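Have a look at the structure below, then the notes.
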């Protein structure tokens with residue numbers, strides 16, 4: 001194995017990367033899970049569960065924009081710190 005200096009680190013496949021530690025310490029935000037239509041009780045609640053979901057989506061967009069500023073050129077969809085659950089939906 002060849003030694004690497006500076007901010008570069010080696011992945012298990014010996015591919016040098018400079019952002020692997022930064023991405024591990026600062027993963028992209030995860031989108032909120034959309035409620036199923038049946039999750040709404042239909043009683044006209046204010047706020048409704050879908051209002052909370054829209055608030056969470058807005059917060060996700062803001063967090064994702066800030067994350068992209070910190071990690072320019074990195075596709076958040078290609079980074080996965082944990083496997084997605086089958087019911088995870090993209091907003």
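The values are calculated or read from the model by the stated rules, or taken from the named source; none is laboratory data. Here the structure is a predicted model, which means the values were calculated and not measured. When we count neighbours, we look across all protein chains shown, and the Cβ atoms used for this are built from the backbone with ideal geometry, even at glycine.
When region 38-56 is filtered for residues that are part of a helix (DSSP H, G or I) and exposed (fewer than 10 other Cβ atoms within 10 Å of the Cβ), only 38 remains.
Considering 29, 35, which residue is within 15 Å of residue 74 (Cβ to Cβ), at pLDDT 95 or above and surrounded by 11 or more Cβ atoms within 10 Å (Cβ to Cβ)? From the options 29, 35, the qualifying one is 29. For residue 86, indicate whether it is at pLDDT below 95 and either closer than 28 Å to residue 37 by Cβ or assigned to a helix (DSSP H, G or I) (or both). The answer is yes for residue 86. Residue count for region 61-80, restricted to those that are at pLDDT below 90, part of a loop (DSSP other than H, G, I, E, B) and loosely packed, with under 10 Cβ neighbours inside 10 Å: 0. As for region 1-11, it holds no residue that is under 25 Å from residue 79 (Cβ atoms), surrounded by 14 or more Cβ atoms within 10 Å (Cβ to Cβ) and at pLDDT 90 or above.
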